[in-house]
1. Which FRET efficiency, nearest 0.05, do Asp162 and Ala134 yield, Cβ-Cβ r, R0 25 Å?
2. Roll a 1.4 Å probe over the protein heavy atoms and report the accessible area of Asp62 in Å², nearest 10.
3. For Phe58, tell me the accessible area in Å² from a 1.4 Å probe, rounded to the nearest 10.
4. Quick one: net charge of His193's neighbours, Cβ under 12 Å, K/R +1, D/E -1?
5. Please compute the Kirkwood hydrodynamic radius of region 28-143 from all pairs of different C-alpha atoms, in Å with one decimal.
6. If you fit an axis through the alpha-carbon atoms of helix 63-72 and take the longest principal axis of the Cα set of the chain, what angle between them do you get, 0 to 90°, nearest 10?
7. May I ask what percent, to the nearest 5, of DSSP beta bridges between residues of region 120-266 are antiparallel?
8. Compute the relative contact order of region 65-139 as a whole-number percentage, counting only Cα pairs closer than 8 Å that sit 6 or more residues apart in sequence.
Amino acid sequence: MKIGVNTFLTDEGINGTVLGPALEERGFESLFLAEHSHIPANRQSPYPGGGELPRVYFRTLDPFVVLGAIAAVTDRLVLGTGVTLLVQRDVIHTAKEVATLDQISGGRAVFGVGVGWNREEMADHGTDPRTRGALLDEQLEAIVRIWTTDLAEYHGKFVDFDPMYAWPKPHRQPHPPIFIGGGEAAARRAIRHGVGWIPNGVSDAAAVAPQLADFTGSGLPVTVTPAPPDPAVLDAYAEAGVERVTLKLETRPEADSLRDLDELAKLIERYPN
């Protein structure tokens, strides 16, 4: 099982070009970054974690810009989004961004996507929260078509474009791994699309097998984000055949973040990448 890190990179925490090499030096396999374009001032959607919305949500850097910078200063680190809020994005531009990241990194991009929870944020992008799942289905189909077809065309209810040329194509063939983040609905969607699943980690080792029971038979990969830094839970995920877990790195200044990484890195010895 591979061990990575997930975090919010902001203008107030460690710089990505420092974090990336630090992860490689400590043996981490991957870095997964969260995304929020903005936080509406009139937000009514409750924060899924409960309580006040953490400050990092307001200050998140664009994941593809910062992952591109990290690609330039690393050699092995897998560069993922956990998750891209695809239903808030233009599908053609996003296809190009992911393909570009995969090209400049030599095939290290992983495309994690989700529908999100902030309905007001979606609405500001012109997305109807009631149909965001159907929109995501079409977006994923369209992006794969852009990546894998020289003359790409797609006609759906929400995504519609005539034949077009779009390069670069991804470095990795046929395309970067895709993972859908979320709960049971996301798992079902991942199975329909034949892609990976990103569930949130559970805190009890005994809950791991029930969490994965309906998905593990699919043979599709699982990346747990985030998983608790609990050896018993991590062992359970490894025994269940999970491909990767990521450990949460709090958004803190550079010196604090590096100390936190040193602590998290102690778990890597149990699961060599």
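The values are calculated or read from the model by the stated rules, or taken from the named source; none is laboratory data. What you see is a predicted model; the values in this text were computed from it and never measured. Here the Cβ positions follow ideal geometry from the backbone for every residue, glycine too, while neighbour counts run over all protein chains shown. Surface accessibility is based on the protein's heavy atoms, side chains included, excluding ligands, DNA and RNA. Shrake-Rupley method; radii C 1.70, N 1.55, O 1.52, S 1.80 Å.
1. Values: r = 21 Å, r/R0 = 0.85.
Here the calculated transfer efficiency is 0.75.
2. Accessible surface of Asp62 is approximately 60 Å².
3. 120 Å²
4. On the way: positive: Arg188, Arg189, Arg192; negative: Asp137, Glu138, Glu141.
My count for the surroundings of His193 gives 0.
5. On the way: mean 1/r = 0.0664 Å⁻¹.
Every distinct Cα pair counted, the radius reaches 15.1 Å.
6. It works out to around 60 degrees.
7. On the way: 3 of 10 bridges.
The antiparallel fraction comes to roughly 30 percent.
8. Values: 78 pairs, mean separation 28.2, N = 75.
This gives 38 percent for region 65-139.
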